[in-house]
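Below: one structure, written as structure tokens.
The values are calculated or read from the model by the stated rules, or taken from the named source; none is laboratory data. Everything numeric here is computed off the predicted structure, so don't read it as measured data. Virtual Cβ from ideal backbone geometry, glycine too; neighbours counted across all protein chains shown. When the accessible area is computed, the model is the full protein with side chains, heavy atoms only, and any ligands, DNA or RNA have been set aside. Shrake-Rupley method; radii C 1.70, N 1.55, O 1.52, S 1.80 Å.
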Amino acid sequence: MQVLVRDNNIDQALRVLKKKMQREGIFREMKLRRNYEKPSERKARERAEAIRRARKLARKRMDREGY
């Protein structure tokens, strides 16, 4: 990942870097890797996340269609 620093403006470059890292999911992955997660816990978490995503998508679809 690369960020250009313009006019020695480190603060702006840091904000851009953080935004890119957020979009890539690096912060989330770092948080998950802080502690060991058993494979069974990982599967359960991923399954729950998938269900949450599907419900959210269905909710948005229903709102768009006007139900």
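Things to note:
- Candidates Lys56, Lys20, Lys43, ranked by Gaussian network fluctuation over the chain, Cα under 10 Å, top entry: Lys56
- The sum of -39500 (n - 2.57) across all DSSP H runs of n ≥ 4, divided by the residue count of the chain, sets its helix-only mean residue ellipticity at 222 nm to -25000 deg cm²/dmol.
- Put a plus charge on the Cβ of each Lys and Arg, a minus charge on the Cβ of each Asp and Glu, and nothing anywhere else: the dipole of the chain about its Cα centre is then about 340 debye.
- Charge dipole (the chain, unit charges on Cβ, about Cα centre) - positive-most of Tyr67, Ile26, Asn8: Tyr67
- Local electrostatic count at Met62 - Lys and Arg +1, Asp and Glu -1, tallied over other residues with Cβ under 12 Å: +4
- Residues in the chain average 102 Å² of solvent-accessible surface per residue, probe 1.4 Å, ligands and nucleic acids excluded.
- The alpha carbons of the chain occupy a box of 51, 41, 14 Å along the principal axes, longest dimension given first.
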